[in-house]
Structure formats: C-alpha cells, structure tokens
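The values are calculated or read from the model by the stated rules, or taken from the named source; none is laboratory data. What you see is a predicted model; the values in this text were computed from it and never measured. We place every Cβ from the backbone using ideal geometry, glycine too, and count neighbours over all the protein chains shown. Just the protein is used for accessible areas: all its heavy atoms, side chains included, with ligands, DNA and RNA removed. Shrake-Rupley method; radii C 1.70, N 1.55, O 1.52, S 1.80 Å.
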Amino acid sequence: MAKVTELTERHRRIRHFLGSLAFQLGRILGLSLPSLVEFAVRELLTKLRLGWWAVKMGHVGKGVRMSPSVSVHSTSRYSSKNIYIGDHSDIDIGVQFIVFQGMVRIGRFSHLGPHVLIMAVEDVTVGDYVALAAGTTIYTATNDYRSPDRKELKMLISMSSSAPEEMQVVRKGRVVIEDFAFTGINTIVFPGVTIGRGAIVAAGSVVTKDVPPFTIVGGIPTKHIRQRPVPECNF
C-alpha cells in the first residue's frame with residue numbers, strides 16, 4: 001500500500017511539473033495551455049500528413065513544407081508516385097496535382113503558391129529556386145480547333161473532352177520552368193512551353209510560346225517587356 005501511495009505521489013508531482021512547465025512556456029510565448037495543446041496537435045498532424053505524402057509520392061525531400069490541403073487527383077492509385085519534390089520546397093494551401101501518365105518534378109527551394117494547379121498529361125519540370133505565384137495553372141494538354149491534317153475543313157471540331165475521339169484535336173507537350181523563373185498571380189502556361197532560367201512572367205499572363213532566359217514578358221498572349229539583368233554571380 002505504501003508503494004502505491006508513493007507511485008501516486010510521484011505521478012502527481014510529474015503532472016504538476018509538466019503543467020507548470022507548459023504554463024511558464026505559455027506565458028513566455030503569450031499562449032494559453034489550450035493554445036499550446038492545439039499548436040502541438042496541429043504540428044503533429046502536419047508531420048503525419050507529410051509522412052503520408054512521402055509514402056504516396058515518388059519522393060519528398062528533406063525540409064519540405066506541404067499544406068494539409070494539397071491534393072492529388074490521378075487516373076490510377078500509382079500515379080501519385082510520378083510526383084517528385086526536392087529539398088526545402090514549399091507546397092502551399094490548395095495546390096492541386098492532376099496526374100495522368102506525366103511525371104511532375106519540383107526542384108529544390110521552390111515555392112508553389114496557393115491554389116497552383118498542375119495537370120500532368122505529359123511531363124512537368126519545375127527547377128530550383130522557382131516561384132509559381134497563387135493561381136498559376138500549368139497545362140500539358142489542351143483541345144484545339146485546328147489539326148495538322150486540316151480536319152477542321154471537313155468537319156466541325158469539338159472542344160469538349162467528352163466528345164468522341166475522332167471529333168477532337170488534342171495538343172500535348174511537356175512544360176519546363178527553369179531555375180530562378182517566376183510566374184505571377186493567375187498565370188496560365190500552355191502545353192509545350194519552356195520558361196527560361198531567371199525569366200519573369202507578369203500576373204494574369206497566358207504563356208503560349210517559349211520565354212527566353214532572363215526575359216520579362218506579360219499579356220495575353222505574352223509579349224516581350226524587357227530583359228532582366230544577368231548577375232555576375234549566376235550560379
């Protein structure tokens with residue numbers, strides 16, 4: 001009986017010590033005990049979510065931050081394995097990966113802003129130190145009303161992906177966004193486009209053709225605005 005009483009007293013002291021520690025820490029940080037518990041639970045859930053994506057995706061590098069609201073839509077249970085995210089990149093709230101057979105490769109220290117959408121029918125490669133601002137959309141396939149064999153002169157082409165295949169013209173192409181490039185808010189990138197190293201695309205632009213390195217473009221479709229200075233330390 002004495003041993004049970006001693007253990008109970010020891011547990012009470014440990015609980016008291018932990019409670020006091022949490023209270024003092026809360027005072028230093030300006031947080032209440034419930035807030036500290038909420039913070040700890042949120043951090044735990046974030047780490048569990050990141051661990052889940054590390055299992056589901058092809059690769060998630062060290063130091064990656066990924067919002068709980070990131071989503072992957074795919075044509076098979078294995079398509080999410082086509083996504084590779086480099087070290088120390090940040091995948092923000094509401095980012096969507098729609099993966100068919102394409103590969104998605106995100107480099108190191110890159111940021112995909114809120115509600116970026118990547119549709120990978122073909123490959124999408126995002127380099128290192130790239131910033132895709134909120135609402136940037138990348139397409140690797142799109143319907144067209146023209147065809148190489150001039151089929152549109154014989155029949156009316158449907159732009160609906162639900163139409164029979166013979167009534168559609170689908171243009172596909174991989175997208176490459178090279179190191180240090182930036183796309184402004186609500187930029188749309190069309191299939192087959194390469195945005196060069198250090199290039200800048202103004203907000204609200206539609207990119208239908210390649211952007212040379214260190215070039216600033218904008219508009220619908222994009223037009224040349226000016227050149228960006230090339231630094232001496234161009235690592």
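Does the stretch 42-60 contain any residue that is modelled with pLDDT of 85 or more, open to solvent by 40 Å² or more (accessible area, probe 1.4 Å), closer than 30 Å to R174 by Cα and not hydrophobic (A, V, I, L, M, F, W, C)? Yes, because at least one residue in the stretch 42-60 is modelled with pLDDT of 85 or more, open to solvent by 40 Å² or more (accessible area, probe 1.4 Å), closer than 30 Å to R174 by Cα and not hydrophobic (A, V, I, L, M, F, W, C). When the stretch 162-171 is limited to residues that are exposed (fewer than 14 other Cβ atoms within 10 Å of the Cβ) and at pLDDT 80 or above, the one that is nearest to D123 (Cα to Cα) turns out to be V170.
List the pairs whose first member sits in the stretch 209-235 and is without any contact (Cβ under 8 Å) to a residue 12 or more places away in the chain, whose second member is open to solvent by 70 Å² or more (accessible area, probe 1.4 Å) and of a type outside the set (K, R), and whose Cβ atoms are under 8 Å apart, counting only residues at least 6 apart or on separate chains? If the second residue must be open to solvent by 70 Å² or more (accessible area, probe 1.4 Å) and of a type outside the set (K, R), no pairs are left. When G196 is tested against the conditions (1) small (G, A, S); (2) over 23 Å from P221 (Cα atoms); (3) out of contact with any Gly (no Cβ under 7 Å at 6 or more places or on another chain), the lone failure is (2).
Which condition does Y145 not pass, out of (1) free of Cβ contacts under 8 Å to residues at least 60 places away in the same chain; (2) open to solvent by less than 70 Å² (accessible area, probe 1.4 Å); (3) not β-branched (V, I, T), if it passes all the others? Status for Y145: all satisfied but (2).
Select from the stretch 74-124 the residues that are acidic (D, E) and more than 18 Å from T142 (Cβ to Cβ) and write down the one among them that is surrounded by the fewest Cβ atoms within 10 Å (Cβ to Cβ). Restricting to residues being acidic (D, E) and more than 18 Å from T142 (Cβ to Cβ), the top hit is D87. Among the residues of the stretch 204-228, the one identified as open to solvent by 70 Å² or more (accessible area, probe 1.4 Å), aliphatic (A, V, I, L, M) and either assigned to a strand (DSSP E or B) or closer than 20 Å to L112 by Cα (or both) is I225.
Are any of the residues in the stretch 148-157 open to solvent by less than 60 Å² (accessible area, probe 1.4 Å), touching an Asp or Glu at 6+ places or on another chain (Cβ under 9 Å) and modelled with pLDDT of 85 or more? Scanning the stretch 148-157, I find no residue that is open to solvent by less than 60 Å² (accessible area, probe 1.4 Å), touching an Asp or Glu at 6+ places or on another chain (Cβ under 9 Å) and modelled with pLDDT of 85 or more, so the answer is no. In this structure, R174 does not satisfy being in contact with a helix residue (DSSP H, G or I) (Cβ under 6 Å, 6 or more places away or on another chain) and over 20 Å from D92 (Cα atoms).
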